[in-house]
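First comes the structure, then the notes that go with it.
The values are calculated or read from the model by the stated rules, or taken from the named source; none is laboratory data. Source: prediction; values computed, not measured. All Cβ positions, glycine included, derive from the backbone under ideal geometry; neighbour counts span all protein chains shown. All accessible areas refer to the heavy atoms of the entire protein, side chains included, with ligands and DNA or RNA removed. Shrake-Rupley method; radii C 1.70, N 1.55, O 1.52, S 1.80 Å.
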Amino acid sequence: MSNWMQDLFHVEKPIIAMCHLQPLPGDPYYDADGGMEKVMAAAKADLLALQEGGVDGIMFSNEFSLPYLTKVEPVTIAAMARVIGELKPLITVPYGVNCLWDPIASIDLAVAVDGKFIREIISGVYASDFGLWNTNVGKTVRHKMAVGAKDLKLLFNIVPEAARYLADRDIKDIARSTEFNNRPDALCVSGLTAGSETDTQILGQVKASVKRTPILCNTGCNVNNITRQLSVADGAVCATTFKYDGVFENAVDVKRVKEFMDKVKEYRATL
(Lines give C-alpha, C1' and ligand atoms only; values in the text may rest on other atoms or scores of the structure.)
Protein backbone atom coordinates (compact mmCIF):
# COMPACT_ATOMS: atom_id res chain seq x y z
CA MET A 1 0.00 0.00 0.00
CA SER A 2 1.06 3.56 -0.60
CA ASN A 3 2.56 5.05 2.54
CA TRP A 4 0.12 7.93 2.62
CA MET A 5 -2.90 5.63 2.74
CA GLN A 6 -1.39 3.57 5.54
CA ASP A 7 -0.44 6.73 7.43
CA LEU A 8 -3.88 8.29 7.04
CA PHE A 9 -6.25 5.34 7.53
CA HIS A 10 -4.06 3.00 9.63
CA VAL A 11 -5.43 -0.09 7.86
CA GLU A 12 -4.70 -2.19 4.81
CA LYS A 13 -7.11 -1.64 1.91
CA PRO A 14 -9.23 1.15 3.45
CA ILE A 15 -12.92 1.63 2.79
CA ILE A 16 -13.84 5.27 2.14
CA ALA A 17 -17.59 5.79 2.53
CA MET A 18 -19.48 8.52 0.73
CA CYS A 19 -21.64 10.87 2.77
CA HIS A 20 -24.04 12.09 0.08
CA LEU A 21 -25.49 15.52 0.75
CA GLN A 22 -29.11 16.23 -0.17
CA PRO A 23 -29.76 18.85 -2.91
CA LEU A 24 -28.27 22.18 -1.89
CA PRO A 25 -29.35 25.80 -2.43
CA GLY A 26 -29.20 26.53 -6.16
CA ASP A 27 -29.69 22.86 -7.11
CA PRO A 28 -32.78 22.02 -9.18
CA TYR A 29 -34.23 19.68 -6.55
CA TYR A 30 -33.35 21.65 -3.42
CA ASP A 31 -36.13 21.54 -0.82
CA ALA A 32 -36.45 25.24 -0.03
CA ASP A 33 -39.14 24.55 2.56
CA GLY A 34 -36.94 22.11 4.46
CA GLY A 35 -33.97 24.40 3.96
CA MET A 36 -30.43 23.80 5.13
CA GLU A 37 -31.68 22.29 8.37
CA LYS A 38 -33.07 19.33 6.41
CA VAL A 39 -29.76 18.97 4.57
CA MET A 40 -27.89 19.10 7.88
CA ALA A 41 -30.12 16.51 9.56
CA ALA A 42 -29.74 14.01 6.72
CA ALA A 43 -25.97 14.47 6.55
CA LYS A 44 -25.60 14.04 10.30
CA ALA A 45 -27.66 10.84 10.33
CA ASP A 46 -25.66 9.33 7.46
CA LEU A 47 -22.30 10.34 8.96
CA LEU A 48 -23.10 8.77 12.32
CA ALA A 49 -24.43 5.58 10.70
CA LEU A 50 -21.31 5.20 8.56
CA GLN A 51 -18.99 5.73 11.50
CA GLU A 52 -20.95 3.38 13.75
CA GLY A 53 -20.76 0.79 10.99
CA GLY A 54 -16.97 0.97 11.08
CA VAL A 55 -15.83 2.59 7.83
CA ASP A 56 -12.22 3.77 7.60
CA GLY A 57 -12.84 7.19 6.05
CA ILE A 58 -15.57 9.53 4.84
CA MET A 59 -15.88 11.56 1.67
CA PHE A 60 -18.53 14.29 1.61
CA SER A 61 -20.05 14.97 -1.80
CA ASN A 62 -22.92 16.95 -3.31
CA GLU A 63 -24.15 13.74 -4.90
CA PHE A 64 -27.73 14.94 -5.27
CA SER A 65 -26.81 18.18 -7.06
CA LEU A 66 -28.08 16.54 -10.26
CA PRO A 67 -27.60 17.31 -13.08
CA TYR A 68 -23.99 18.12 -12.30
CA LEU A 69 -21.96 21.14 -13.32
CA THR A 70 -18.32 20.98 -14.36
CA LYS A 71 -17.84 24.41 -12.79
CA VAL A 72 -19.96 24.66 -9.66
CA GLU A 73 -21.66 27.77 -8.35
CA PRO A 74 -20.17 29.49 -5.27
CA VAL A 75 -23.33 28.75 -3.27
CA THR A 76 -22.60 25.02 -3.57
CA ILE A 77 -19.13 25.36 -2.05
CA ALA A 78 -20.50 27.63 0.69
CA ALA A 79 -23.34 25.23 1.54
CA MET A 80 -21.03 22.22 1.65
CA ALA A 81 -18.57 24.09 3.84
CA ARG A 82 -21.34 24.92 6.28
CA VAL A 83 -22.51 21.31 6.48
CA ILE A 84 -19.04 19.84 6.96
CA GLY A 85 -18.03 22.63 9.36
CA GLU A 86 -21.02 21.95 11.61
CA LEU A 87 -20.40 18.20 11.48
CA LYS A 88 -16.66 18.44 12.21
CA PRO A 89 -17.01 17.86 15.99
CA LEU A 90 -18.75 14.55 15.21
CA ILE A 91 -16.24 13.26 12.65
CA THR A 92 -13.99 10.54 14.05
CA VAL A 93 -12.32 9.21 10.87
CA PRO A 94 -10.17 10.84 8.15
CA TYR A 95 -12.30 12.69 5.63
CA GLY A 96 -12.17 14.31 2.23
CA VAL A 97 -14.51 16.07 -0.18
CA ASN A 98 -15.86 15.81 -3.71
CA CYS A 99 -17.54 18.91 -5.15
CA LEU A 100 -18.98 17.44 -8.33
CA TRP A 101 -17.52 17.86 -10.93
CA ASP A 102 -15.10 20.68 -10.26
CA PRO A 103 -11.57 19.93 -9.01
CA ILE A 104 -10.76 23.57 -8.24
CA ALA A 105 -13.91 23.88 -6.10
CA SER A 106 -13.07 20.58 -4.40
CA ILE A 107 -9.62 21.85 -3.49
CA ASP A 108 -11.01 25.13 -2.14
CA LEU A 109 -13.61 23.25 -0.09
CA ALA A 110 -11.00 20.84 1.28
CA VAL A 111 -8.79 23.73 2.38
CA ALA A 112 -11.74 25.41 4.11
CA VAL A 113 -12.79 22.32 6.09
CA ASP A 114 -9.41 20.62 6.62
CA GLY A 115 -10.20 17.73 4.26
CA LYS A 116 -7.30 15.37 3.61
CA PHE A 117 -8.16 14.30 0.07
CA ILE A 118 -10.39 15.02 -2.92
CA ARG A 119 -11.68 12.73 -5.66
CA GLU A 120 -12.32 14.33 -9.02
CA ILE A 121 -12.00 14.17 -12.79
CA ILE A 122 -8.67 15.96 -12.88
CA SER A 123 -7.19 14.98 -16.25
CA GLY A 124 -8.50 14.06 -19.69
CA VAL A 125 -11.22 15.21 -22.09
CA TYR A 126 -14.56 13.41 -22.22
CA ALA A 127 -17.87 13.20 -24.02
CA SER A 128 -20.42 13.06 -21.20
CA ASP A 129 -24.05 13.41 -20.20
CA PHE A 130 -23.07 16.88 -18.99
CA GLY A 131 -21.61 17.99 -22.32
CA LEU A 132 -18.02 18.16 -23.53
CA TRP A 133 -15.97 17.73 -20.40
CA ASN A 134 -12.51 19.26 -20.42
CA THR A 135 -9.96 19.49 -17.63
CA ASN A 136 -6.76 21.37 -16.91
CA VAL A 137 -4.62 19.25 -14.64
CA GLY A 138 -1.68 21.67 -14.72
CA LYS A 139 -3.89 24.52 -13.50
CA THR A 140 -5.52 22.31 -10.88
CA VAL A 141 -2.24 21.16 -9.33
CA ARG A 142 -0.84 24.68 -9.37
CA HIS A 143 -4.01 25.92 -7.65
CA LYS A 144 -3.57 23.28 -4.96
CA MET A 145 -0.07 24.54 -4.24
CA ALA A 146 -1.12 28.21 -4.43
CA VAL A 147 -3.76 27.81 -1.68
CA GLY A 148 -1.33 26.10 0.66
CA ALA A 149 -2.64 22.55 0.24
CA LYS A 150 0.58 20.76 -0.72
CA ASP A 151 -0.34 17.75 1.47
CA LEU A 152 -3.87 17.40 0.05
CA LYS A 153 -4.16 14.06 -1.71
CA LEU A 154 -5.64 14.00 -5.22
CA LEU A 155 -7.61 10.88 -6.17
CA PHE A 156 -7.87 10.85 -9.98
CA ASN A 157 -11.04 9.28 -11.35
CA ILE A 158 -9.79 7.91 -14.68
CA VAL A 159 -13.05 6.22 -15.70
CA PRO A 160 -15.66 8.95 -15.16
CA GLU A 161 -19.22 7.89 -14.54
CA ALA A 162 -21.59 8.85 -17.40
CA ALA A 163 -18.65 9.80 -19.63
CA ARG A 164 -16.13 8.37 -22.08
CA TYR A 165 -12.65 9.47 -23.03
CA LEU A 166 -12.92 11.55 -26.19
CA ALA A 167 -9.95 9.81 -27.80
CA ASP A 168 -10.04 6.03 -28.26
CA ARG A 169 -7.41 5.19 -25.66
CA ASP A 170 -6.90 1.95 -23.80
CA ILE A 171 -7.43 2.18 -20.04
CA LYS A 172 -3.94 0.77 -19.47
CA ASP A 173 -2.40 3.59 -21.52
CA ILE A 174 -4.48 6.17 -19.66
CA ALA A 175 -3.32 4.78 -16.32
CA ARG A 176 0.34 4.75 -17.33
CA SER A 177 0.37 8.26 -18.78
CA THR A 178 -1.69 9.68 -15.91
CA GLU A 179 0.82 8.29 -13.43
CA PHE A 180 3.86 9.50 -15.38
CA ASN A 181 2.58 13.00 -16.19
CA ASN A 182 0.48 13.88 -13.17
CA ARG A 183 1.74 11.94 -10.14
CA PRO A 184 -1.73 11.13 -8.78
CA ASP A 185 -2.04 10.02 -5.17
CA ALA A 186 -4.48 7.31 -6.26
CA LEU A 187 -6.38 6.20 -9.36
CA CYS A 188 -10.13 5.52 -9.07
CA VAL A 189 -11.69 3.01 -11.46
CA SER A 190 -15.49 3.15 -11.89
CA GLY A 191 -18.49 1.54 -13.52
CA LEU A 192 -20.96 3.43 -15.70
CA THR A 193 -22.94 5.11 -12.88
CA ALA A 194 -22.99 5.33 -9.10
CA GLY A 195 -23.69 1.84 -7.80
CA SER A 196 -22.60 0.11 -11.03
CA GLU A 197 -20.09 -2.66 -10.43
CA THR A 198 -16.54 -1.93 -11.50
CA ASP A 199 -15.10 -4.61 -13.78
CA THR A 200 -12.52 -6.59 -11.78
CA GLN A 201 -10.56 -7.33 -14.96
CA ILE A 202 -10.25 -3.61 -15.69
CA LEU A 203 -9.12 -3.04 -12.11
CA GLY A 204 -6.45 -5.65 -12.67
CA GLN A 205 -5.33 -4.11 -15.94
CA VAL A 206 -4.97 -0.70 -14.33
CA LYS A 207 -3.18 -2.17 -11.32
CA ALA A 208 -0.69 -3.94 -13.58
CA SER A 209 -0.09 -0.80 -15.62
CA VAL A 210 1.17 1.49 -12.86
CA LYS A 211 4.28 1.24 -10.72
CA ARG A 212 3.59 3.11 -7.52
CA THR A 213 0.03 4.49 -7.51
CA PRO A 214 -2.71 2.90 -5.37
CA ILE A 215 -5.83 1.76 -7.22
CA LEU A 216 -9.29 2.29 -5.69
CA CYS A 217 -12.45 0.48 -6.77
CA ASN A 218 -14.74 3.48 -7.14
CA THR A 219 -18.27 2.13 -7.69
CA GLY A 220 -20.45 -0.91 -7.23
CA CYS A 221 -18.81 -2.63 -4.28
CA ASN A 222 -21.14 -4.78 -2.19
CA VAL A 223 -20.93 -7.47 0.46
CA ASN A 224 -20.87 -10.19 -2.21
CA ASN A 225 -18.04 -8.81 -4.35
CA ILE A 226 -15.87 -6.77 -1.98
CA THR A 227 -13.46 -9.61 -1.23
CA ARG A 228 -12.89 -10.14 -4.96
CA GLN A 229 -12.47 -6.42 -5.62
CA LEU A 230 -10.03 -5.95 -2.74
CA SER A 231 -7.99 -8.92 -3.95
CA VAL A 232 -6.97 -6.55 -6.77
CA ALA A 233 -7.59 -2.99 -5.56
CA ASP A 234 -5.76 -1.19 -2.75
CA GLY A 235 -9.03 0.08 -1.27
CA ALA A 236 -12.52 1.14 -2.25
CA VAL A 237 -14.90 4.08 -2.30
CA CYS A 238 -18.39 2.88 -1.35
CA ALA A 239 -21.84 4.44 -1.12
CA THR A 240 -24.90 2.81 -2.65
CA THR A 241 -24.33 -0.54 -0.95
CA PHE A 242 -24.59 1.19 2.45
CA LYS A 243 -28.05 2.63 1.73
CA TYR A 244 -31.34 1.04 2.82
CA ASP A 245 -32.16 -1.76 0.35
CA GLY A 246 -29.03 -0.80 -1.61
CA VAL A 247 -30.90 2.06 -3.29
CA PHE A 248 -28.88 5.15 -4.27
CA GLU A 249 -31.49 7.69 -3.13
CA ASN A 250 -32.00 6.19 0.36
CA ALA A 251 -30.39 7.01 3.70
CA VAL A 252 -27.53 4.97 5.16
CA ASP A 253 -28.48 1.71 6.90
CA VAL A 254 -26.01 1.03 9.72
CA LYS A 255 -26.76 -2.71 9.59
CA ARG A 256 -25.66 -2.89 5.96
CA VAL A 257 -22.51 -0.93 6.80
CA LYS A 258 -21.61 -3.32 9.63
CA GLU A 259 -22.25 -6.40 7.51
CA PHE A 260 -20.03 -5.01 4.76
CA MET A 261 -17.22 -3.95 7.09
CA ASP A 262 -17.30 -7.30 8.88
CA LYS A 263 -16.60 -8.93 5.52
CA VAL A 264 -13.77 -6.46 4.86
CA LYS A 265 -12.19 -7.09 8.26
CA GLU A 266 -12.49 -10.84 7.74
CA TYR A 267 -10.63 -10.45 4.45
CA ARG A 268 -7.96 -8.19 5.94
CA ALA A 269 -7.22 -10.84 8.57
CA THR A 270 -6.01 -13.11 5.76
CA LEU A 271 -3.46 -10.61 4.41
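A simple rule links phi to the HN-Hα coupling: the Karplus curve 6.51 cos²θ - 1.76 cosθ + 1.60 with θ = phi - 60°, which for segment 85-98 gives x, 6, 7, 3, x, 9, 7, 10, 10, x, 9, x, 9, 9 Hz, with x for Gly and Pro. Scanning residues 5 or more positions from PHE60 or on other chains, those with amide H under 5 Å from its amide H are CYS19, GLY96, VAL97, ASN98, with H placed 1.01 Å from N in the peptide plane.
For a quick check, take a GNM of the chain with Cα springs below 10 Å and name the residue from GLU179, GLU249, GLU161 with the largest mean-square fluctuation. The residue that fluctuates most here is GLU249.
Semi-axes of the equivalent ellipsoid for the chain, computed as √(5λ) from the eigenvalues of its C-alpha gyration tensor and ordered from largest down, come to 25, 23, 18 Å.
Taking 22 Å as R0, compute the FRET efficiency from the Cβ-Cβ separation of ASP31 and GLU52 and round it to 0.05.
0.25
Computed with every protein chain present, the accessible area of LYS116 is close to 100 Å² [probe 1.4 Å]. Rolling a 1.4 Å probe over the protein heavy atoms leaves HIS20 with an accessible area of roughly 10 Å². Of the residues MET59, MET36, MET145, the one that moves most in a GNM of the chain with alpha-carbon contacts below 10 Å is MET145. What are the ³J(HN,Hα) couplings of segment 99-115, residue after residue, when phi is run through the Karplus curve with 6.51, -1.76, 1.60 and θ = phi - 60°? Round to Hz, x for glycine and proline. Each residue of segment 99-115 in turn: 9, 5, 10, 9, x, 5, 4, 5, 5, 4, 5, 4, 4, 5, 10, 6, x Hz. Taking the chain as a Gaussian network of alpha-carbon nodes connected by springs under 10 Å, the highest mean-square fluctuation of the residues LEU187, LEU87, LEU132 belongs to LEU132.
The alpha carbon centroids of segment 67-102 and segment 111-173 are separated by 16 Å.
Expressed as a whole percent, the accessible area of the chain that falls on carbon and sulfur atoms is 51 (1.4 Å probe). Beta bridges per DSSP, both residues in segment 2-267: antiparallel share near 20 percent. Coupling constants for segment 24-32 follow from the phi torsions by the Karplus curve (6.51 cos²θ - 1.76 cosθ + 1.60, θ = phi - 60°), and in residue order they are 9, x, x, 7, x, 10, 4, 8, 5 Hz; glycine and proline get x.
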